[in-house]
Amino acid sequence: MYAKGEDNDEKVHKEFHKEYYEGVRFKGWRNERVVAEHRNAGDRVLMVVEEDSLVQKRKLQSVLKFIEKELGFADGEILHKLCKAYLYISNHRIVGCLVAEPIKTAHRVIVSHPTAKNLSDTTEKSDSQKPNKTLLRFGEIGFNQEVIKKCKSTKSQETDQWVNGAILSEEKTVPALCGVRAIWVVPSHRRQGIGSKLLDAMRKSFCADKRLEHAECAFSSPTSAGHALATSYTHSMSFLVYMSGDV
Ligand SMILES: CC(C)(COP(=O)(O)OP(=O)(O)OC[C@H]1O[C@@H](n2cnc3c(N)ncnc32)[C@H](O)[C@@H]1OP(=O)(O)O)[C@@H](O)C(=O)NCCC(=O)NCCS
């Protein structure tokens, strides 16, 4: 909320937008835990853990507030004591952030589930066969509004139901070690490989004694962009997912 025309409010509003689109300013820390460095001068990934200083954790919080808003977390909900957070620094700004947590099990995404098939079947039906269809007309332009499938928000469905209700996971659990609780890249830097580099840094440094395999990492409630990233990063449609609250 800000008052348009108020100089101070306008200034704060502008800075808020700049930080959201381009990243929170970052001058550097004396004790940075650098876990990866990249080609571009100064680009690096830092890890922040519970034991780090207040200054470091405050900076992390200033990024998490954007992520919590965009991903629908409550304020202060993303981070807990066991989390390791990764910050991608570029050009003196924090342009990406990943929060990972230890997990024990995960579920494999089912690639071609009947529900997904039903969705495409519905799309292929003729207009008269389509359920709940409404035509909204504005002059020459018509919009079709269609309810493809309604999902009741019951606990059991929430456990399985993912993007657009079309991605389901197997009930069977498989062992896993690291959960991606949240991953976020500022809008101005998306599709430049930063999300993938954060995942690389996490796999390399999450466990002190070994580099994690793709099959040991899982994603919590992926958004559609998160789903696309996970599919591309793991080279598999049947990557692992988990429910954060189950940890
Ligand atoms: C999801 C997110 C972190 C991806 O970060 P990113 O830095 O853009 O990802 P990368 O550049 O490493 O993407 C690697 C590949 O993943 C796939 N991919 C990533 N985002 C995609 C998108 N929005 N649509 C389609 N494919 C996508 C592409 O194959 C991409 O390779 P390409 O750009 O060469 O085609 C970013 O879009 C984001 O912050 N979104 C908002 C928050 C969010 O939804 N987070 C996910 C929570 S699970």
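Over 20 Å between Cα atoms, which of 14/57; 57/84; 27/57; 18/65; 84/210 qualify?
14/57
Using the Karplus equation 6.51 cos²θ - 1.76 cosθ + 1.60 (θ = phi - 60°), what ³J(HN,Hα) coupling, rounded to whole Hz, does each residue of the range 96-106 give in order, writing x for Gly and Pro?
Residue by residue, the range 96-106 yields x, 8, 10, 10, 10, 9, x, 9, 10, 9, 8 Hz.
Run a plain Debye calculation on the range 22-81 (Cα atoms as equal point scatterers, no solvent) and give log10 I(q)/I(0) at q = 0.20, 0.21 Å⁻¹, rounded to two decimals, same order as the q list.
These q points yield log10 I(q)/I(0) values of -0.90, -0.97.
Classify the range 163-247 from the C-alpha gyration tensor, please: rounded if a/c falls under 1.5, else prolate or oblate depending on whether a/b exceeds b/c.
Verdict is oblate for the range 163-247.
Quick one: Cα centre-to-centre distance for the range 20-44 and the range 210-247, in angstrom?
25
Among 21, 233, 242, what is the fewest-to-most ranking by other Cβ atoms within 10 Å?
In order of increasing Cβ crowding within 10 Å: 21, 233, 242.
Among residues other than residue 40 whose Cβ falls under 13 Å from its Cβ, what is the net charge (Lys/Arg +1, Asp/Glu -1)?
Spelling it out: positives minus negatives among the neighbours equals +2.
Would you mind checking 59/197; 172/204; 59/104; 81/104; 69/104 for any pair whose Cα atoms are more than 23 angstrom apart?
Violating the 23 Å limit, Cα to Cα: 172/204; 59/104; 69/104.
Mind giving me the nanometre distance, one decimal, between the label points for residue 208 and residue 111, set 7 Å out from Cα along Cα→Cβ?
Computed distance between label sites residue 208 and residue 111 equals 3.9 nm.
Any read-out appearing in this document is the output of simple, stated calculations on the displayed coordinates, not a laboratory observation. Because the structure is predicted, anything quoted here is derived from the model rather than measured. Reconstructed Cβ throughout: ideal geometry from the backbone, glycine too, with neighbour counts over all protein chains shown.
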